[in-house]
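Structure record follows, encoded as structure tokens.
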Amino acid sequence: MLSLFLLISRECAAFLVAALFIGFAMSAVYIDVNWMHNSLHENSFTELLQEVILAITTGLFFWSSVRRPDQRGGLILIGGFYLCMLIRELDDIFDTIRHGSWLWFALATTAICVFLSFRTLRSMITGLTAFFQHRTWLMTATGLIIVLVFSRLIGMHQLWEHLMLDGYNRVVKNMAEEASELMGYSVCFLSTVLFLKETREKV
């Protein structure tokens, strides 16, 4: 009975922490809209927080790949995936080199991570299996769907032009799209922390 009570308490505490984190993260949108006067651009708080969350998520997987040799290949692949997403978010910086050059950096990152993973094929399979079989995978998948699918659909300018008619305001579209991306990245970050925490003692 006590173990069940502790389980329920732990899960409720996890929910509360996640809710507080999501609330904190989404406050960046409020700051950009209300305090920064609709400043939802490449240097906004929302964009910056997206990049910070992605950078930390990437770092956690790469750091864990060093400490978990039997899962190293899989963790490198996952970290590389998030690093490619970070490179895409930093496309304005790479555009100073050449427009669209972020793609070449992302491809190079992919090639390096795939090469390192296949050097230890067994650890790649073990790491990916552990990740996909863990309960946080569905949480990660939800976050990725929000970023890669929902945010793109909700950010379609045709949708907002139709809704606003002659009063179309691009800032509103950007707010919906960037807020959705921030939400998705936040969910992925939370699932990463939970996955690494819960599998720490099993390695």
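When residues in region 157-174 are screened for being closer than 17 Å to His37 by Cβ and open to solvent by 70 Å² or more (accessible area, probe 1.4 Å), 1 of them pass.
Comparison of Leu7, Leu40, Leu49 shows that the only residue that is surrounded by 10 or more Cβ atoms within 10 Å (Cβ to Cβ) and modelled with pLDDT of 90 or more is Leu49.
Do we have Leu77 as closer than 18 Å to Met183 by Cα, out of contact with any strand residue (DSSP E or B) (no Cβ under 8 Å at 6 or more places or on another chain), in a helix (DSSP H, G or I) and among the hydrophobic types (A, V, I, L, M, F, W, C) here? So Leu77 does not fit the description; no.
In the set (1) exposed (fewer than 14 other Cβ atoms within 10 Å of the Cβ); (2) of a type in the set (Phe, Trp, Tyr); (3) farther than 23 Å from Phe195 by Cβ, the condition left unmet by Phe24 is number (3). Considering only region 91-103, how many residues are over 20 Å from Glu178 (Cβ atoms) and either surrounded by 15 or more Cβ atoms within 10 Å (Cβ to Cβ) or more than 21 Å from the chain's Cα centre (by Cα) (or both)? Number of matching residues: 6.
Among the numbered conditions (1) free of Cβ contacts under 8 Å to residues at least 40 places away in the same chain; (2) surrounded by 20 or more Cβ atoms within 10 Å (Cβ to Cβ), the only one that Tyr82 does not meet is (1).
Condition test on Leu148, is it under 30 Å from Leu20 (Cβ atoms), modelled with pLDDT of 90 or more and surrounded by 13 or more Cβ atoms within 10 Å (Cβ to Cβ)? Considered against the rule, which asks whether it is under 30 Å from Leu20 (Cβ atoms), modelled with pLDDT of 90 or more and surrounded by 13 or more Cβ atoms within 10 Å (Cβ to Cβ), Leu148 comes out as no. Among the residues in region 148-168, are any of a type outside the set (Gly, Ala, Ser), over 16 Å from the mean Cα position of the chain (by Cα), under 30 Å from Arg67 (Cβ atoms) and part of a helix (DSSP H, G or I)? Checked region 148-168: no residue is of a type outside the set (Gly, Ala, Ser), over 16 Å from the mean Cα position of the chain (by Cα), under 30 Å from Arg67 (Cβ atoms) and part of a helix (DSSP H, G or I). A single member of Phe105, Phe189, Phe132 is of a type outside the set (Lys, Arg) and closer than 18 Å to Val52 by Cα, and it is Phe189. Among the listed residues Arg88, Arg72, which satisfies the condition of being open to solvent by 50 Å² or more (accessible area, probe 1.4 Å), closer than 28 Å to Val149 by Cα, at pLDDT 90 or above and not hydrophobic (A, V, I, L, M, F, W, C)? The match here is Arg88. Just one residue in the set Ile93, Ile125 is of a type outside the set (Asp, Glu) and touching a residue at least 12 places away in the same chain (Cβ under 8 Å); that residue is Ile125.
The values are calculated or read from the model by the stated rules, or taken from the named source; none is laboratory data. From a predicted model like this one, the values you see are computed outputs, not experimental measurements. Virtual Cβ from ideal backbone geometry, glycine too; neighbours counted across all protein chains shown. To get the accessible areas, we keep the full protein, side chains included, count just its heavy atoms, and leave off ligands, DNA and RNA. Shrake-Rupley method; radii C 1.70, N 1.55, O 1.52, S 1.80 Å.
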